[in-house]
Structures are given as C-alpha cells and as structure tokens.
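The values are calculated or read from the model by the stated rules, or taken from the named source; none is laboratory data. Source: prediction; values computed, not measured. We place every Cβ from the backbone using ideal geometry, glycine too, and count neighbours over all the protein chains shown.
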Amino acid sequence: MHKNGKIYRKKVIVFGFEGKPNKTEINYFQHYKPVNDEYILKLVSSGYSDPVNIVKSIKEKRKDYDYNAKRGDLTYIFLDSDADANKEATINSIIAKLTTDTRIIVSSPCFEVWFLNHFVLSTKEYRNSKELINELNKYIADYKKSNDYYLKLVGKKDIAIKNSTIQIRQKSKTKTDVVLIIDCLKNIE
C-alpha cells in the first residue's frame, strides 16, 4: 500500500488457536476484520493442545507474516482452561511472562462459552467442555466443533458481550475473555 507516497505495510494482528487445525474459532473469526484499517487479521492454528506449545508454535508461525512488535503488530492467543486447575496455573504462568504485544484470551472451560453467551448468561460451573457443549445444544441443535455458526450468532453479539462482561465481573468459573477483543473487530460485509 502507498501512503503519502511511501510504501506502507499494514500492521498485523495474529489470532492463534489450539488444535490441528482448530476450525471452531477460525470459522467464527473468518467473518471479521479489524476495526482499524491499518491492521490485517491473520488466523493461525498451532497444532497443539497444551498451552506452552500453543504459545511457542504461534510465536514461531507469526514470523510468516513479517511480524514485528516494534511496528505495532499484535498477537492474541486463544486458550481453553478445560476447567483444569493445573492447566489454569500453566496459563497464568505463561501470562506472567508475556511481552506487551502478546495477549492470552482465556475461555473456561472452552471457547464455546462465547457461543453460549449469545443466548443465555450461564454462571454454572461446568466440569468440562462436553458439559458446556451439551448446554449449547439447547440453542444450536446438533452443535459440532468444526462447523461455522457465525450466521446463527451475528445478530446476538450484543447479548454475548453483556453476558461475558457479567461473568468476568462476577469472577465466574464459566467465562471467556473474547469480549475483551471483540470490539476491535468488525463484521466483513
């Protein structure tokens, strides 16, 4: 791109996900782009399920996009706590060591709490992801992790923001930090 006669490089926002490949989050976020047009959004699967290797993998893969924090590039890594105290401790340890250009977006027990929040506020403590997905099935029949549910959710985003904010304020065990970044995105028309 050219800006004021100079070659201009857009800043990069990398969204990194667990899994091989993780279609749930990618299918959802492919419908968004950054609100600030100076950024481009890149969606990357780590190929791992443990937090340490997810973070290492995403940091390595972001180099493919000429990633440079000094130019304002940002990374958001999405992790599920899986309602596991050991995994939560590992995630907290990772967060304590991160640089300012990299942020962790935690969902407990899993990313699907963001989808559930489009329909209902749940502060129930789910023992695992399967329990939460069973609840989600009441609102999205036959929910499957790899499908694209964006069109079922798009008109309910304000409800999800409200419910997610309440969960965080109440320090609920069931919560997602997706709400912290969703305002920096806009729907692709």
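Assorted remarks:
- From the list 52, 35, 14, the one residue that fits, being touching a residue at least 40 places away in the same chain (Cβ under 8 Å), touching a helix residue (DSSP H, G or I) at 6+ places or on another chain (Cβ under 7 Å) and loosely packed, with under 15 Cβ neighbours inside 10 Å, is 52.
- Checking each residue in the stretch 83-102 for being among the polar types (S, T, N, Q), under 22 Å from residue 12 (Cα atoms) and surrounded by 14 or more Cβ atoms within 10 Å (Cβ to Cβ) picks out only 102.
- Put simply, of 173, 157 the only residue that is of a type in the set (Lys, Arg) and assigned to a loop (DSSP other than H, G, I, E, B) is 173.
- Between 39, 32, 76, the distinction of being in contact with a Lys or Arg (Cβ under 8 Å, 6 or more places away or on another chain), at pLDDT 95 or above, of a type outside the set (A, V, I, L, M, F, W, C) and under 16 Å from residue 184 (Cα atoms) belongs to 76 only.
- Take the conditions (1) touching a Cys at 6+ places or on another chain (Cβ under 8 Å); (2) at pLDDT 95 or above; residue 106 misses just one of them, which is (1).
- In the stretch 132-147, residue nearest to the chain's Cα centre (by Cα) [restricted to those that are surrounded by 14 or more Cβ atoms within 10 Å (Cβ to Cβ) and among the charged types (D, E, K, R)]: 145
- Members of the stretch 133-154 that are part of a loop (DSSP other than H, G, I, E, B) and touching a Lys or Arg at 6+ places or on another chain (Cβ under 9 Å): 139, 140, 145, 146, 147, 148
- Neighbours by Cβ (under 7 Å, 6+ apart or cross-chain): first from the stretch 151-174, surrounded by fewer than 17 Cβ atoms within 10 Å (Cβ to Cβ); second basic (Lys, Arg): 168/175
- Within the stretch 55-69, considering residues that are of a type in the set (Ser, Thr, Tyr) and part of a helix (DSSP H, G or I), the one surrounded by the fewest Cβ atoms within 10 Å (Cβ to Cβ): 65
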